Amino acid sequence: MLSKIQNLRKELHQYPELSGEEMNTAKRIKDFIIKNHNTQIIENLGGNGVAAVYNFSNNGLTIIIRCELDALPIQEENIFKHRSKISGVSHKCGHDGHMAIVAGLIFWVKKQNFQTGRLILLFQPAEENGKGAQAVLNDEKFKTFKPDYIFALHNIPGEPLHSIITTPNNFSATVQSLIISLNGKECHASEPEKGINPALGIAELVKQITSLNVMNTDDPNFSVLTPVHINMGQKFYGISPGTGELHYTLRTWSVPVMNKLYDELSRIVGKICKDFYLEYKFETLEYFPTTINSPFCNKLITEAAKVNNFTLLEKPTSFRFGEDFGWFSQKYKSAMFGIGAGINSPALHHSNYDFPEDIIDTGMKMFETIISKLLK
């Protein structure tokens, strides 16, 4: 059984697909489930999403176990046999391992004799760009599920292998990406005074936006504003440019703090652009709401860790990364927990990262225990 699940993980790793393009990944998941335990399959959820549905009775709770289908636009550095065969695309967040864990549950499910409820294994598309969970939630097919509880996990490099990581309230941060577009006036490079070059405005913006950072993770106003791309003009030395762009990601612990930060950022941009005679506009994209962990769901996770004698690490603050699982947690009782991927594991999104297969069984046991507690 475990060998089949590990082989699936390696196959998924070899053939990664970007957000919104996971057609073949979804087919591999569907084929694996049908081959090993035929059940009701619902396809094209919120795009390329797949759900395996187990109806035990018309009464009782509906439980969803969710994982992600998509990979990242990162060239893999590893040279092992199961390395990515798709140039410039690889599973550097461990979604291949998450899928293997959830798909592997089918071997356990077919041995159970649940008398009530329903279990749904959800393979969600487009997590990395923040669009997938919301698209699934808006899908009419998903609306018929009416889940009582939704659970998910994420592997956490840098934490002891097999450890279970919980957070008291929110699992992940609120994350908003944005583009600040600037428009001045282009002119000849020999006469820059006859145009409006955005360079000085960009320099002042970077300086003042940096001052908004609150790096103390214990502070409720914790804020990280990271410049990820800056663009101005073109490589043509006779032209003084008239346009520019700044791309940022904003991270806070909560939606209210994010709204407050966005308002302050807007004020700063407006003032600086006025001082430097620049027009500007904002474009927001890739929004990840805070993943709110239900106290009851968190309690089930803690109990499952103890039942299985896994080391339990209670992290005092949320993780800084964005997780579109937050969309589910806004509407349903939900929780996400972490599994330690090893102290020496490369970090998430690093080109030499690889999901540690040792923790596949750990993730399965956690989900099996949670499901059993709810459906029995």
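The values are calculated or read from the model by the stated rules, or taken from the named source; none is laboratory data. None of the values given here were measured: they were computed from a predicted structure. With ideal geometry, Cβ positions are generated from the backbone for all residues, glycine too; neighbour counts draw on all protein chains shown.
Candidates are the residues of the stretch 42-65 that are hydrophobic (A, V, I, L, M, F, W, C) and in a loop (DSSP other than H, G, I, E, B); the one that is surrounded by the most Cβ atoms within 10 Å (Cβ to Cβ) is 56.
Just to be sure before I move on: is residue 12 touching a residue at least 12 places away in the same chain (Cβ under 8 Å) and either crowded, with 20+ Cβ neighbours inside 10 Å or of a type in the set (Ser, Thr, Tyr) (or both) in the structure I sent? It is true that residue 12 is touching a residue at least 12 places away in the same chain (Cβ under 8 Å) and either crowded, with 20+ Cβ neighbours inside 10 Å or of a type in the set (Ser, Thr, Tyr) (or both).
Per-residue answers, yes or no, for (1) touching a residue at least 60 places away in the same chain (Cβ under 8 Å); (2) outside the structural domain of residue 122 (by TED's automatic domain parsing); (3) not hydrophobic (A, V, I, L, M, F, W, C):
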| position | (1), (2), (3) |
| --- | --- |
| 20 | yes, no, yes |
| 59 | no, no, yes |
| 79 | no, no, no |
| 87 | no, no, yes |
| 96 | yes, no, yes |
| 104 | yes, no, yes |
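Only one of the numbered conditions (1) surrounded by 15 or more Cβ atoms within 10 Å (Cβ to Cβ); (2) more than 18 Å from the chain's Cα centre (by Cα); (3) within 22 Å of residue 128 (Cβ to Cβ) is not met by residue 305, and that is (3).
Within the stretch 170-191, if we keep just the residues that are hydrophobic (A, V, I, L, M, F, W, C) and under 22 Å from the mean Cα position of the chain (by Cα), the residue that is surrounded by the fewest Cβ atoms within 10 Å (Cβ to Cβ) turns out to be 179. Taking the conditions (1) under 22 Å from residue 31 (Cα atoms); (2) outside any helix (DSSP H, G or I); (3) in contact with a helix residue (DSSP H, G or I) (Cβ under 7 Å, 6 or more places away or on another chain) in turn, residue 105 satisfies each one other than (2). Within the stretch 120-133, residues that are closer than 10 Å to residue 70 by Cα and touching a residue at least 24 places away in the same chain (Cβ under 8 Å) have Cβ atoms under 9 Å from residues that are surrounded by 24 or more Cβ atoms within 10 Å (Cβ to Cβ) and basic (Lys, Arg) in these pairs: 123/66; 124/66, counting only partners at least 6 apart in sequence or on another chain. Mind checking whether some residue in the stretch 76-96 is in a helix (DSSP H, G or I), surrounded by 19 or more Cβ atoms within 10 Å (Cβ to Cβ) and modelled with pLDDT of 95 or more? Yes, some residue in the stretch 76-96 is in a helix (DSSP H, G or I), surrounded by 19 or more Cβ atoms within 10 Å (Cβ to Cβ) and modelled with pLDDT of 95 or more. Restricting attention to the stretch 183-191, does a residue exist that is in a strand (DSSP E or B), farther than 30 Å from residue 251 by Cβ and in the same structural domain as residue 316 (by TED's automatic domain parsing)? Within the stretch 183-191 (the criterion being in a strand (DSSP E or B), farther than 30 Å from residue 251 by Cβ and in the same structural domain as residue 316 (by TED's automatic domain parsing)), the answer is no, since none of the residues qualifies. Please tell me if residue 74 is in the same structural domain as residue 340 (by TED's automatic domain parsing), farther than 24 Å from residue 328 by Cβ and within 16 Å of the chain's Cα centre (by Cα). In short, yes. For the stretch 264-288, taking the residues that are touching a Ser or Thr at 6+ places or on another chain (Cβ under 6 Å) and not acidic (Asp, Glu), the one that is farthest from residue 63 (Cα to Cα) is identified as 281.
Only one of the numbered conditions (1) surrounded by 13 or more Cβ atoms within 10 Å (Cβ to Cβ); (2) more than 19 Å from residue 272 (Cβ to Cβ); (3) not aromatic (Phe, Trp, Tyr) is violated by residue 234, and that is (1).
State whether the residues of the stretch 154-169 include one that is modelled with pLDDT under 95 and surrounded by 14 or more Cβ atoms within 10 Å (Cβ to Cβ). Looking for residues that are modelled with pLDDT under 95 and surrounded by 14 or more Cβ atoms within 10 Å (Cβ to Cβ), one finds at least one in the stretch 154-169, hence yes. Scanning the stretch 231-269 for residues that are more than 25 Å from residue 323 (Cα to Cα), in contact (Cβ under 8 Å) with a residue 24 or more places away in the chain and assigned to a strand (DSSP E or B) yields a total of 6. Taken residue by residue, the stretch 246-255 has at least one member that is farther than 26 Å from residue 134 by Cα, modelled with pLDDT of 95 or more and buried (at least 21 other Cβ atoms within 10 Å of the Cβ).
Each residue in the stretch 136-160 was checked for being in a loop (DSSP other than H, G, I, E, B) and either under 21 Å from the mean Cα position of the chain (by Cα) or of a type in the set (Phe, Trp, Tyr) (or both), and 7 of them qualify.
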